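Worksheet: one structure, shown below.
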Amino acid sequence: MPVIGVLALQGDVREHVLALEEAGADAKPVRRLAEIEAVDGLVIPGGESTTLWKLATAFELMDPLSKLIAGGLPAFGSCAGMIMLADRLQDGVHGQQTFGGIDMTVRRNAFGRQVDSFERDITLRDDEYGEPFHAVFIRAPWVERAGPDVDVLAEDNGRIIAVRHGALLATAFHPELTQDRRIHKLFTQIVKGSS
Ligand code: GLN
């Protein structure tokens, strides 16, 4: 069973731990670098990316985590976690940094100008004949631009909202807040395949 850590600096850590366990992983919250180095994959939860960035800086995790991710550590980020995995950020606060890893530009609070939070049934690519996925968006980002090696997994009204880049996965929505485990299962498979 792959061991997947959930970065426990801030955000909906517990929901991801439960979802990962239901998806067949051995999941646990991780905070210190030594704990993160011991897992097969890492989830970066939704929350607030500016807070994640500040806490990761205070815990001296920005640089080591960027390097682990660049070196092949599988990672999945939802919402604020998607922001943290973006190589480029739009509408961040002054000086805001990300771990990076996915060749994409993410626009923070992108939907927020029209509406703060909403739920929508979306279609996951490669699962076109499966059930729609009920997606929860909370002050969500979207992917403004994705590089050529990035697979787009889902779009909403022409906006990219889920991507995969090698062993890295990111969603603008929060699959940990619903009961559908397809995204967590996909990530668990990615982690299994790369360890
Ligand atoms: N808007 C938040 C941010 O910038 C993300 C919101 C979320 O994770 N639900 O980090």
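Overview of results
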quantity: Global geometry of the chain, whether rounded, prolate or oblate, following the gyration tensor of its Cα atoms and the 1.5 cut on a/c; calculated: rounded
quantity: Efficiency of FRET from Cβ geometry, Arg145 and Met1, R₀ 45 Å, rounded to 0.05; calculated: 0.80
quantity: Overall form of the range 56-152 per C-alpha gyration tensor (a/c, 1.5; a/b vs b/c); calculated: oblate
quantity: Cross-link partners of Lys67 among aspartates and glutamates (Cα-Cα below 20 Å; sequence separation of 8 or more within a chain); calculated: Glu35, Glu37, Asp40, Asp87, Asp103, Asp149
quantity: Farthest positive-ward along the chain dipole, Cα basis, beta-carbon charges - from Ala8, Gly158, Thr171; calculated: Ala8
quantity: Protection proxy ranking, peptides 175-184, 11-20, average beta carbon neighbours within 10 Å, highest first; calculated: 11-20, 175-184
quantity: DSSP-defined antiparallel bridges as percent of all bridges, the chain, nearest 5; calculated: 50
quantity: Restricting the range 64-140 to trypsin sites (Lys or Arg not before Pro) in coil, as DSSP defines it, with at most 13 other Cβ within 10 Å; calculated: Arg125
quantity: The range 1-104: C-alpha gyration tensor shape, a/c 1.5 cut-off, then a/b vs b/c; calculated: prolate
quantity: Å² of accessible area per residue within the range 22-90, as computed with a 1.4 Å probe and no ligands counted; calculated: 40
quantity: About the Cα centre, charge dipole magnitude for the range 1-150 (Lys/Arg +1, Asp/Glu -1 at Cβ), debye; calculated: 660
quantity: Accessible carbon and sulfur surface of the range 98-138 relative to its total accessible area, %, 1.4 Å; calculated: 42
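The values are calculated or read from the model by the stated rules, or taken from the named source; none is laboratory data. Fair warning: this is a prediction, and the values are worked out from it, not measured in the lab. Positions of Cβ are generated from backbone atoms using ideal geometry, with glycine treated the same way; all protein chains shown enter the neighbour counts. Each accessible area value is taken on the protein alone, full model and side chains, heavy atoms only, with ligands, DNA and RNA left out. Shrake-Rupley method; radii C 1.70, N 1.55, O 1.52, S 1.80 Å.
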